[in-house]
Amino acid sequence: MSFDLKNSIYILLGGMTGAALASLFILIVYFFSDFRKQKACRNKILKRLDTADMMLRENMTMDALSIYNELLLNMPEPVEPELYAHIKQSEGNCYYAISMAQSNPENLIKAIRSYEEALLYDSFKKKPGEYLSIQARLGDAYLKISEFQKKEEFLAKAIRSFSEVLRAYTPETEPVNYASTQYKLGSSYKALAESKKKEGNLGSAITAFNESLKIYTIEAYPINYAETQNNIGVLFLMAAEVRDRENNLIMALEAFSNALRIYTIGKYNIEFAAAQKNRGKTYSLLSLIRHDEKVFINAVNAFYEALKVYGIEAYPAEYGEIQNSIGTIYQALSELSTKSDNLQKAITSFEEALKTCSFESDPARYAAVQHNIGDACLIFSESDGSEAILEKGINSYREALRVKTISNAPSKFAAIQYRLGNAYRNISKYREKEDNLNKAAEAYKEALKVYTADNYPLEHKEVYLSLDKIRRTMY
């Protein structure tokens with residue numbers, strides 16, 4: 001039998017083709033088998049994910065978080081990037097919700113990490129809805145965490161996130177979301193201004209809040225309107241510290257008055273009181289520019305409105321602060337009209353403020369109020385001319401000096417010692433002349449330990465002349 005090369009080649013090629021087809025068949029079977037497994041696995045993941053999403057919507061946060069964590073452990077991120085991003089975003093939502101319930105900065109940090117990782121897989125172009133949702137939540141988390149740590153760093157990040165969201169929102173297309181985001185942007189700039197005290201941040205905050213007012217009108221959103229106006233008032237009050245003092249104070253008064261169109265007593269007591277307190281503070285500052293009796297009276301009236309809510313029992317700190325402010329206003333008003341009457345009102349208010357603090361509980365505030373009482377009594381003695389009022393002033397100065405010492409508050413120490421010397425000198429006209437003049441001289445000498453000719457030339461000269469008068473009187 002002869003060898004047929006041609007037939008042999010055909011036989012060989014046929015065998016190779018058969019083997020290739022068999023291999024291809026096996027690969028196809030394997031591929032579809034693996035595909036079915038992957039599809040089954042993906043369906044299982046989606047089912048678990050739907051369950052977790054439903055739990056999150058129903059506020060079953062911890063249960064939902066448990067499933068999200070389980071899915072993240074068992075699903076490699078490169079395989080399903082969009083699915084992975086969705087789970088990370090949902091995980092962030094869980095941590096954020098938990099942090100709000102527990103005021104826990106640790107969970108806020110976890111939320112931020114989840115949101116930031118989710119953003120690695122979504123872009124504005126691919127999935128704008130998801131992207132904006134994550135940026136908005138991330139901004140909220142940055143703003144909240146800034147209350148606990150790295151204030152300026154997280155506020156800057158919050159501003160970037162809210163600004164990114166505002167690329168898509170306009171008053172026409174998304175009015176409510178636009179207003180809400182502008183309000184949060186304004187809150188971020190406001191907090192940054194409070195931290196850095198930078199004029200640019202104040203202006204940016206006011207601009208953002210005013211943008212939100214395009215939607216938050218008094219008719220449509222009265223509470224949002226009032227909150228925004230109150231914030232604007234606080235910002236103008238802060239701005240008055242750095243520039244254009246009078247104009248900014250007037251703008252602040254307008255904003256607080258707008259807020260008080262909604263914040264009424266009986267309905268929004270705390271908000272009413274806070275706005276009235278701010279009005280009182282604004283009028284007080286305005287009185288330093290406009291020495292007009294009406295401005296002083298407006299300040300007092302606003303503070304008394306606040307005291308309708310800030311009672312001594314429920315709000316001792318606020319009560320004391322406001323009473324001290326009222327006393328200061330009456331003392332300043334005494335320079336314009338009814339000196340004795342206004343000084344007596346000032347002393348009464350300072351004594352009310354003193355009921356809310358003590359040497360043991362709040363020495364700094366206690367000393368400040370005692371100092372104020374001493375000053376009011378000393379001025380009052382010029383017109384009242386009574387021994388009792390001077391005695392009260394001396395006692396108050398001595399109490400203030402228990403806190404304000406030459407080592408911890410030298411300038412305050414010297415100022416109080418000088419006034420104490422004046423009080424002793426005045427009371428010497430009524431009793432124990434030599435003894436009280438000696439006490440006055442000692443007080444002046446204490447003041448001169450701080451008021452040196454080099455460091456405080458004007459004060460040094462004034463105190464030295466007072467001491468010299470005593471020496472000439474006695475010798």
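The values are calculated or read from the model by the stated rules, or taken from the named source; none is laboratory data. Small disclaimer: the values here were computed from a predicted structure and weren't measured. As a convention, Cβ positions derive from the backbone with ideal geometry for all residues, glycine included, and neighbour counts pool all protein chains shown.
A search for C-beta distances below 7 Å between a residue of region 405-417 that is without any contact (Cβ under 8 Å) to a residue 60 or more places away in the chain and any residue that is surrounded by fewer than 19 Cβ atoms within 10 Å (Cβ to Cβ) and not in a helix (DSSP H, G or I), counting only pairs 6+ apart in sequence or on different chains, returns 406/449; 413/405; 413/406.
Residue-wise test of (1) at pLDDT below 80; (2) surrounded by fewer than 21 Cβ atoms within 10 Å (Cβ to Cβ); (3) among the acidic types (Asp, Glu); (4) in contact with a strand residue (DSSP E or B) (Cβ under 6 Å, 6 or more places away or on another chain).
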residue: 65; (1), (2), (3), (4): no, no, no, no
residue: 77; (1), (2), (3), (4): yes, yes, yes, no
residue: 85; (1), (2), (3), (4): no, no, no, no
residue: 89; (1), (2), (3), (4): no, no, no, no
residue: 94; (1), (2), (3), (4): no, no, no, no
residue: 97; (1), (2), (3), (4): no, yes, no, no
residue: 100; (1), (2), (3), (4): no, yes, no, no
residue: 111; (1), (2), (3), (4): no, no, no, no
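Listed here are the residues, each with its yes/no results for (1) at positive phi; (2) of a type in the set (Val, Ile, Thr); (3) under 22 Å from the mean Cα position of the chain (by Cα).
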site: 282; (1), (2), (3): no, yes, yes
site: 299; (1), (2), (3): no, no, no
site: 304; (1), (2), (3): no, no, no
site: 317; (1), (2), (3): no, no, yes
site: 320; (1), (2), (3): no, no, yes
site: 324; (1), (2), (3): no, no, no
site: 330; (1), (2), (3): no, no, no
site: 335; (1), (2), (3): no, no, no
site: 343; (1), (2), (3): no, no, no
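Just give me the residues in region 427-453 being among the β-branched types (Val, Ile, Thr) and assigned to a helix (DSSP H, G or I), in sequence order. Let's see the steps before the verdict.
From region 427-453, those among the β-branched types (Val, Ile, Thr) are 427, 450, 452; that's our starting set.
Of everything in region 427-453, just one residue is among the β-branched types (Val, Ile, Thr) and assigned to a helix (DSSP H, G or I), namely 427.
All of (1) modelled with pLDDT of 95 or more; (2) under 23 Å from residue 473 (Cβ atoms); (3) out of contact with any Phe, Trp or Tyr (no Cβ under 7 Å at 6 or more places or on another chain) hold for residue 412 with one exception: (2).
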